[in-house]
1. Just need a number here: residues in segment A:68-111 that are part of a helix (DSSP H, G or I) and either of a type in the set (A, V, I, L, M) or at pLDDT 85 or above (or both).
2. Among the numbered criteria (1) closer than 15 Å to residue A:93 by Cα; (2) surrounded by 20 or more Cβ atoms within 10 Å (Cβ to Cβ), which one does residue A:137 miss?
3. Quick check on my filter: what residues within segment B:1-36 are of a type in the set (A, V, I, L, M, F, W, C) and loosely packed, with under 11 Cβ neighbours inside 10 Å?
4. Give A:134, A:148 a once-over and let me know the one that is in contact (Cβ under 8 Å) with a residue 60 or more places away in the chain, of a type in the set (Lys, Arg) and under 19 Å from residue B:171 (Cβ atoms).
5. For residue A:65, indicate whether it is among the hydrophobic types (A, V, I, L, M, F, W, C), part of a loop (DSSP other than H, G, I, E, B) and at pLDDT 85 or above.
6. Residues to consider are B:183, B:176, B:199; find the one that is closer than 14 Å to residue B:93 by Cβ, in contact (Cβ under 8 Å) with a residue 12 or more places away in the chain and within 19 Å of the chain's Cα centre (by Cα).
7. Show me the helices (runs of 4 or more DSSP H) found entirely inside segment B:89-204 where at least 2 residues are facing chain A (nearest Cβ under 7 Å) and farther than 28 Å from residue A:107 by Cα.
8. Please count how many residues of segment A:38-59 are farther than 23 Å from residue B:32 by Cβ and part of a helix (DSSP H, G or I).
Amino acid sequence: MTLEAQRQSVSDAKRDGIIKAAQALFLRDGFAKAVMADVARDADVSTATLYKHFESKEALFEAVVRHAAATVQDDFGAMAPETSARDFFFQALASAHLVHQQANVTALLRVAIAEVSSAPELARNVFETVVCGRYNRLQAALDEMVRRGLLKPHDTAFGARIGIGMIKELFIWPALFVADFQLPANALERADEAINVYLAAYGA
Amino acid sequence: MGLEDYRRNVSETKHASILKAGREVFLRDGFARAAVAEIARDADVSTATLYKHFASKEELFAAIIMDAVTRVEDISDQEGSDETFADLLLTIGRTYLANQFEHRANDLMRIVIGESSANPGLAAETLRVLTGRRRQRLVTLFDRLVERGIMKPNDTDLSAQLISGMIKELFVWPALFDSSFALPPDTDEKLRAIIQVFLARYEA
């Protein structure tokens, strides 16, 4: 390993450590009360190193949210629908189910929502990256299915939102209020009905 | 007016002014920072009187949420026989949104969500009020529409959730992340589009 590569590797490891420590602190203390010095201590780095990686607490929080969101497998675009729109929706549903189980994302959204009046930009950025990012990925998959004739031509931007809305009502909305919310055993079965609604309106 | 009536009247007036003052203080300071003594002062009652009406800050907050969301509930009972299913749903959707935005229910909800780890009881109670009570009205209405042959037989608890989810995604979810979010000019158009999707599956 060259010196340059080694430095990079140390730097990446520190960055990962910072994100991990920050996530735990934000989840425990919320955004306003979380202290940068504590993050540095828990990550075993100096505050100077911490600020070299993240110039502000806001930037750090956004990185934590992006990191948590990236670990969720909802790359709808990659779920290439070959046979039917229903097959795609089944896969997308399973990934939404996973999003719920990846409870940290919901918990971080909760932290951002709590901060809307004191740090409005923070919540808006989280909405843009996490929420709108997911709309766009689903919309791209819907467009692809329209192209393949698996769905009728329709307003897919609108479709992505209401589709996610139906699933969110079942999986995410209650978890926003109740941190240890447990999905009912038949959650996926119930969510199938959302697919039926979508296909009744837009199925080819 | 008998003495008994007079007393009740005074008590109800005080109850209402406590709710009103509490609402202002909670919206301004959030739950944790809101001071019960200040609410009592703003409502022009003693703290003893306040605690006679509401045993705790949690109970007062829950009553305020209840007050904000119950204004809309009665609408589901207004089942004009000459109205079409689509018109009926449009009325319900409009009323729900008007309530959510005009009565600052979104702002109150954000407070609860922010408070959910520090105060899980409050959040769970709010969720119960919001979903349990409000949804039950819609389910009752849907059940009657099924009986009258206007709506296809279906799991009405589930269909009520799905239509709520679609509406919330477009209008309430963005408002949770941005307190300046206002209902867009094409709200009615969007509501009609949601209703069309819903009817494709459920209209008899």
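1. 23
2. (2)
3. B:1, B:3, B:10
4. Sole residue among the options that is in contact (Cβ under 8 Å) with a residue 60 or more places away in the chain, of a type in the set (Lys, Arg) and under 19 Å from residue B:171 (Cβ atoms): A:134.
5. No, not satisfied.
6. Within the list B:183, B:176, B:199, the selection yields B:183.
7. Correct list: B:187-202.
8. Adding up the residues that qualify gives 12.
The values are calculated or read from the model by the stated rules, or taken from the named source; none is laboratory data. Quick caveat, the model's predicted, so the values are computed rather than measured. For neighbour counting, all protein chains shown are included, and Cβ atoms are generated from backbone atoms with ideal geometry for every residue, glycine included.
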